[in-house]
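Scroll down for the structure; my scribbles are underneath it.
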Amino acid sequence: MLGFCERCHEMTEYTIRDEKKQKNIKGKSIEYTGKEAYCNECESEIFVSDIRDYNLAMLEKAYREKEGLISVSEIEIILEKYDVGKRPLSLLLGWGEGTLTRYLEGDIPAKQYSDMLKKILDDSNYLKEILEKNKDNITDVAYRRICSALQKNGTETDTSIESEDKIDYVVKYLLANSVDITPLALQKLLYFSQGFYKAFTGEYLFYNNCEAWVHGPVYRSIYYKYKDHGYNPIEEKDYEYGDIKLTAVEKELLDSIVRNFGCYSGKVLEKMTHAEEPWRATRTGLSDNEGSDRIIDKELIAKYFNEIKSKHGMLNTSDIRDYSTDFFNKLYN
């Protein structure tokens, strides 16, 4: 790689190094890991436009994580999930028609707007309420397309009824392959499944957000679906194994989660998630028993589990065993 070194006054080869950086944005100190290029001849710092762009992207990502703001990829999921364009959704939400376009191009949304988008991503019924209230803001074609997407997702007026979605298949698979799994344990297995799947594949297993409740990470729709079981194991006999639409890679990851975390009780799993950064960071400033609907940002989960994978030198999903065993021993020995 060649770059112009101002000290050497010529094009020279350079080396890229990771560096801890800090910048103040809107009065807040943001720390992130960036990169810098150094001349191989004189060790001077060299300006490289691609590295500048990378650092700006890492700074933006760190700021979004710290502030709990929605990511561009999550906004794209909303548009695809509800079969809606950027302009119609902006108008439906009562925003300027170019607002979502700007967000997709990199503008950072205000916290209020971000929270609204996150709620839409996680709860189809919330969008249905907005649609019925503001349908006059959009065309009949856009209205019908969103209605069709909502119907496809199985949206009901009762928020306690879960739509048949990817997370449902994950739940069914976990239930079908676990013994005596309680609602509390199920929530934690979903959380570990999401984190490790992202670490190993680079993709999220499902789009649903989890919230930092008192007893750990919780997927709200799944909570409502199984809350009547209380502290008792979930027993479901009304589905067939063949109805579980998951890939071989997804099933392999879930098998490892069941083997390495399903052996612990819900309370043990709760204690594990309480010791992990995503839940603790999201509940900063809250007392131990204070209720909260704060969303644990997916990128915060991704960052944490990527670090775990790297720290433990995990090469495949079977290596999750080392982490779960070490974690249990640290908590109880």
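Nothing in this text is a laboratory measurement; each read-out follows from the coordinates by a stated rule. Quick caveat: nothing in here was measured; it's all calculated off a predicted structure. As a convention, Cβ positions derive from the backbone with ideal geometry for all residues, glycine included, and neighbour counts pool all protein chains shown.
Under a 10 Å cutoff between Cα atoms, tell me which one of Val218, Val170, Val249 has the largest fluctuation in the Gaussian network model of the chain.
With Cα springs under 10 Å in the chain, the top fluctuation among Val218, Val170, Val249 is at Val249.
What's the whole-number percent of alpha carbon pairs in the stretch 2-67 lying beyond 17 angstrom?
Within the stretch 2-67, distances greater than 17 Å cover 46 percent of Cα pairs.
Using +1 on the beta carbon of Lys and Arg, -1 on that of Asp and Glu, and nothing else charged, what's the dipole of the chain about the Cα centre, debye to 20?
So the dipole magnitude of the chain works out to roughly 540 debye.
Note down the magnitude of the dipole of the stretch 173-234 about its Cα centre, charges +1 on Lys and Arg C-beta and -1 on Asp and Glu C-beta and zero elsewhere, to the nearest 20 debye.
Dipole magnitude for the stretch 173-234 comes out near 80 debye.
Find the eigenvalues of the gyration tensor of the Cα atoms of the chain, then list the square roots of 5 times those eigenvalues as equivalent ellipsoid semi-axes, largest first, in whole angstrom.
Sorted largest first and rounded, they come to 37, 29, 18 Å.
Evaluate the relative contact order of the stretch 41-142 (contact order divided by residue number), counting alpha-carbon pairs under 8 angstrom at least 6 apart; express in whole percent.
Reported relative contact order: 29 percent.
Report ³J(HN,Hα) in whole Hz for each residue of the stretch 32-38, in order, from the Karplus equation J = 6.51 cos²θ - 1.76 cosθ + 1.60 where θ = phi - 60°; Gly and Pro get x.
7, 9, x, 9, 9, 10, 10
Beyond 14 Å, what share of the Cα-Cα pairs of the stretch 178-232 remains, rounded to the nearest whole percent?
Here the long-distance tail beyond 14 Å is 55 percent of all Cα pairs in the stretch 178-232.
Quick one: what are the phi-derived ³J(HN,Hα) couplings along the stretch 279-293, Karplus 6.51/-1.76/1.60 with θ = phi - 60°, whole Hz, x for glycine and proline?
In residue order, the calculated couplings are 5, 5, 5, 5, 9, 3, x, 9, 6, 4, 10, 8, x, 7, 10 Hz.
Let's see if you can work this out: charge +1 on each Lys and Arg Cβ, -1 on each Asp and Glu Cβ, no other charges. What is the dipole magnitude of the stretch 166-332 about its Cα centre, in debye to the nearest 20?
Using only the charged Cβ atoms, the result is roughly 240 debye.
Going toward the positive end of the dipole of the chain, with +1 on Lys and Arg Cβ and -1 on Asp and Glu Cβ, which of Tyr169, Tyr204, Phe261 do you reach last?
Phe261
Within a 10 angstrom radius of the beta carbon, how do Met58, Met116 rank from fewest other beta carbons to most?
Arranged by neighbour count, lowest to highest, Met58, Met116 become Met58, Met116.
Around Ser44, which amide H atoms from residues at least 5 apart in sequence, or from another chain, sit under 5 Å from its own amide H, with H modelled in the peptide plane?
When sequence neighbours closer than 5 places are left aside, the close amide H contacts are Cys39.
Provide, in order from the shortest bin, the percent of all Cα-Cα pairs of the stretch 72-152 in each 5 Å bin, continuing until the bin that contains the maximum pair distance.
Going from the shortest bin to the longest, the percentages are 3, 15, 31, 30, 15, 5, 0.
Going by C-beta contacts inside 10 Å, put Thr101, Thr273, Thr325 in order with the fewest on the left.
So the residues, fewest neighbours to most, are Thr325, Thr101, Thr273.
Starting from the exponent 0.38 and prefactor 2.2 Å, build the expected Rg for the stretch 192-333 from its residue count and divide its actual Cα Rg by it.
1.07
State which entries of Lys26/Lys330; Lys152/Lys188; Lys20/Lys267; Lys128/Lys311 exceed 32 angstrom in Cα-Cα distance in the structure shown.
Lys26/Lys330; Lys20/Lys267; Lys128/Lys311, as the Cα separations exceed 32 Å there.
Run the helix sum for the chain: -39,500 (n - 2.57) per DSSP H stretch of 4+ residues, divided by residue count, reported at 222 nm to the nearest 500 deg cm²/dmol.
-15500 deg cm²/dmol
Strictly under 4.7 angstrom between C-beta atoms: which cysteines of the chain have no such partner?
Cys42, Cys147, Cys210, Cys263
Here is the link list: Lys172/Lys245; Lys23/Lys66; Lys61/Lys86; Lys166/Lys245; Lys23/Lys111; Lys172/Lys251. Which ones come out longer than 18 Å on Cα distance?
Lys61/Lys86; Lys23/Lys111
Which longest uninterrupted range of the chain lacks any GluC sites (Glu not before Pro) assigned by DSSP to a loop state (not H, G, I, E or B) and surrounded by at most 16 other Cβ atoms within 10 Å?
Maximal segment without exposed cleavage sites: 44-96.
Put +1 on the Cβ of every Lys and Arg and -1 on every Asp and Glu Cβ in the stretch 72-152; which of Leu91, Val72, Ala149 then has its Cα farthest towards the positive end of the dipole?
Sorting the options by dipole projection puts first Ala149.
Determine, for Ser324, Ser287, Ser265, the number of other Cβ atoms within 10 Å of each Cβ, and report the residues in order from fewest to most.
Ser287, Ser265, Ser324
I'd like to know which of Phe328, Leu246, Met58 lies farthest towards the positive end of the charge dipole of the chain, counting +1 on Cβ of Lys and Arg and -1 on Cβ of Asp and Glu.
Projecting each Cα onto the dipole axis, the largest value belongs to Phe328.
Please give me the summed charge of the neighbours of Arg102: other residues whose Cβ is under 13 Å from its Cβ, Lys and Arg +1, Asp and Glu -1.
Residues close to Arg102 contribute a combined charge of -1.
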